[in-house]
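The values are calculated or read from the model by the stated rules, or taken from the named source; none is laboratory data. Every value quoted in this text rests on a predicted model; they were computed, and no experiment measured them. Cβ atoms come from the backbone with ideal geometry, glycine included; neighbour counts cover every protein chain shown.
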Amino acid sequence: RFHPGCYYRDLVTGETRTLPALIAAVTNLDGEITGLQRTWLDPSGQGKAQLTDPRRSLGDLLGNGIWLGRQPDEPVPVMAAGEGFETMASVKVVMPALPVAAATSANHLAGLTFPPGCRRLYIAADADAAGRHGIGRLSQRAGEAGILALVLRPQLGDFNDDLRHLGPAHLAARLSDQLVPEDARLFLPSG
């Protein structure tokens, strides 16, 4: 959700101000809200606010995520997961039928809880050391649970960069080359 004036407090000076923000609910597998993530936005509309920490999360985050396209009572045989909301929302733009989860951080990605019936997990990579650790740990846990984990790699810094700078057709083509063929047919638009 968009909030036009969400409070932001500087943790060093204690100064508070209001800025527009994207607010996303973090939920467990039952669909219960366990936390939230705030991403403060630049008032000019040009991305995130110029703050030391433009994103903050709170609540019970470990194991939970910002879910897009998942109904709590349905099995999820194939899904994608990644660290950030913008990355996963970008994947969702070109694969609207694929359930996705944003874990809010690399550490929380490593501890994401798998939904019932999950057989295949695509992990959207971020190119930093923390991201690689989260991917490695989540892949290991998925394998131990009998879930095939496959890493999706963006062309640029992340999938949001790919979507914004290269466009949806390019992002879809990039993802098509990395998906199991049956998933490409099922989740990517034809043509």
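Every condition in (1) surrounded by fewer than 17 Cβ atoms within 10 Å (Cβ to Cβ); (2) of a type in the set (Val, Ile, Thr); (3) farther than 21 Å from Leu179 by Cβ holds for Ile66 except the one numbered (1). Residue count for the range 165-191 under the criterion of being surrounded by 13 or more Cβ atoms within 10 Å (Cβ to Cβ) and in contact (Cβ under 8 Å) with a residue 60 or more places away in the chain: the result is 9. Name the single residue that is nearest to Gln46 (Cα to Cα) among those in the range 1-33 being polar (S, T, N, Q) and surrounded by 11 or more Cβ atoms within 10 Å (Cβ to Cβ). Ranking the candidates gives Thr18 first.
Of the candidates Thr104, Thr87, Thr113, the single residue that is in contact (Cβ under 8 Å) with a residue 24 or more places away in the chain, under 15 Å from Asp30 (Cα atoms) and either surrounded by fewer than 18 Cβ atoms within 10 Å (Cβ to Cβ) or outside the structural domain of Ala24 (by TED's automatic domain parsing) (or both) is Thr113. Does Ala142 qualify as being assigned to a helix (DSSP H, G or I), in contact (Cβ under 8 Å) with a residue 12 or more places away in the chain and of a type in the set (A, V, I, L, M, F, W, C)? Judged against the criteria, Ala142 is a match.
Taking the stated definitions as given, is Gln178 over 18 Å from the mean Cα position of the chain (by Cα), in the same structural domain as Gly82 (by TED's automatic domain parsing) and modelled with pLDDT of 95 or more?
Values: over 18 Å from the mean Cα position of the chain (by Cα): no; in the same structural domain as Gly82 (by TED's automatic domain parsing): yes; modelled with pLDDT of 95 or more: yes.
So Gln178 does not fit the description; no.
Could you run through the range 145-191 and say how many residues are part of a loop (DSSP other than H, G, I, E, B) and touching a Ser or Thr at 6+ places or on another chain (Cβ under 6 Å)? If you could, list the steps in order and put the result at the bottom.
Residues of the range 145-191 that are part of a loop (DSSP other than H, G, I, E, B), as a first pass: 145-147, 153-158, 167, 177-180, 188-191.
Okay, now just the ones that are also touching a Ser or Thr at 6+ places or on another chain (Cβ under 6 Å), so 158, 188.
Counting residues in the range 145-191 that are part of a loop (DSSP other than H, G, I, E, B) and touching a Ser or Thr at 6+ places or on another chain (Cβ under 6 Å) gives 2.
Just to be sure before I move on: is Thr87 of a type in the set (Ser, Thr, Tyr), under 15 Å from the mean Cα position of the chain (by Cα) and part of a strand (DSSP E or B) in the structure I sent? Step through it out loud before you land on a result.
Details: of a type in the set (Ser, Thr, Tyr): yes; under 15 Å from the mean Cα position of the chain (by Cα): yes; part of a strand (DSSP E or B): no.
No, not satisfied.
Taken as a whole, the condition of being in the same structural domain as Gly117 (by TED's automatic domain parsing), under 25 Å from Arg164 (Cα atoms) and not acidic (Asp, Glu) does not apply to Arg55. In the range 1-76, counting only strands (runs of 3 or more DSSP E) that sit wholly within it, the ones holding 2 or more residues that are farther than 22 Å from Leu121 by Cβ span 2-9, 16-27, 33-40, 55-59. Scanning the range 16-51 for residues that are over 26 Å from Asn64 (Cα atoms) and out of contact with any strand residue (DSSP E or B) (no Cβ under 7 Å at 6 or more places or on another chain) gives Ser44, Gly45, Gln46, Gln50.
Looking only at the range 26-72, residues that are of a type in the set (A, V, I, L, M) and touching an Asp or Glu at 6+ places or on another chain (Cβ under 6 Å) come to 1 in all.
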